[in-house]
1. Which of the chymotrypsin sites (Phe, Trp or Tyr not before Pro) across the stretch 26-76 are loop residues per DSSP, with 14 or fewer other Cβ within 10 Å?
2. From the alpha carbon gyration tensor of the stretch 6-115, can you work out the equivalent ellipsoid semi-axes (sqrt of 5 times each eigenvalue) and give them in Å, largest to smallest?
3. So for the pair A17, A78, with labels modelled 7 Å out along Cα→Cβ, what separation do we get in nm?
4. Quick one: if the Förster radius is 22 Å, what FRET efficiency do V36 and H5 give, using the C-beta to C-beta distance and rounding to 0.05?
5. Between S106 and I69, with labels modelled 7 Å along Cα→Cβ, what's the label distance in nm to one decimal, could you check?
6. Expected output is a single nm value to one decimal: the length gained when fully extending between D57 and D119, i.e. 0.36 nm times separation in residues minus the C-alpha distance. What is it?
7. Taking the number of other C-beta atoms within 10 Å as the exposure measure, put S56, S34, S94 in order starting with the fewest.
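Just so it is clear, none of the values below were taken in a lab; they were calculated from the coordinates. All values derive from a computational prediction rather than experimental measurement. Cβ placement follows ideal geometry from the backbone for every residue including glycine, while neighbour counts extend to all protein chains displayed.
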Amino acid sequence: MLDEHRLEALTLAMAIAPGVYVRNRMFELFTHPSVVRARTRASVLRGVVRQLALASDVTVEPETRSSAITYVLRYRIARMRMSRVVDLTRAELSAIRVLGAKAGLSCLPPDADDRACVDAVLAHLLDLGGPSDLAGIAARS
């Protein structure tokens, strides 16, 4: 079974490098419900980065919920008459900041800890040994 740390690492890996874990090449991996959830969450993170290019009134506020800190990202896209609220973990917020910097966004600049946070989370994938080991574990779950 994949633990929460590895699933968060898989989510960030799929958000940062979407071509690494491809469903057509790793079909067994994507039969596991938690991996499907990670893929969906990665898609949400990439979508947020795309939308932030058009956004205004971007805010991030930490909130404590059941002893865990959640970061609430709020923004508006006026020409689409849309506002969005997204709850993020610290690692997801860091990933959005890192991806946003690569995309040239200035609304959520990364701080010194963001890249280190993303790297630390992605390091949990190394515990498995690589994509083929991850697929094997998911298939046994």
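1. On the way: sites: F27, F30, Y71, Y75; in loops: F27.
For chymotrypsin sites (Phe, Trp or Tyr not before Pro) across the stretch 26-76 that sit outside H, G, I, E and B with at most 14 neighbouring Cβ atoms in 10 Å, the list reads F27.
2. Working: eigenvalues 119, 55, 39 Å².
Output for the stretch 6-115: semi-axes of 24, 17, 14 Å.
3. Computed distance between label sites A17 and A78 equals 4.0 nm.
4. Values: r = 18 Å, r/R0 = 0.82.
Efficiency computed from Cβ-Cβ geometry: 0.75.
5. My value for the distance between the label points is 2.7 nm.
6. Numbers: separation 62, 0.36 × 62 = 22.32 nm, distance 2.88 nm.
Stretched out fully, the D57 to D119 stretch lengthens by 19.4 nm.
7. Details: S56 11, S34 17, S94 24.
Going from least to most buried by this count: S56, S34, S94.
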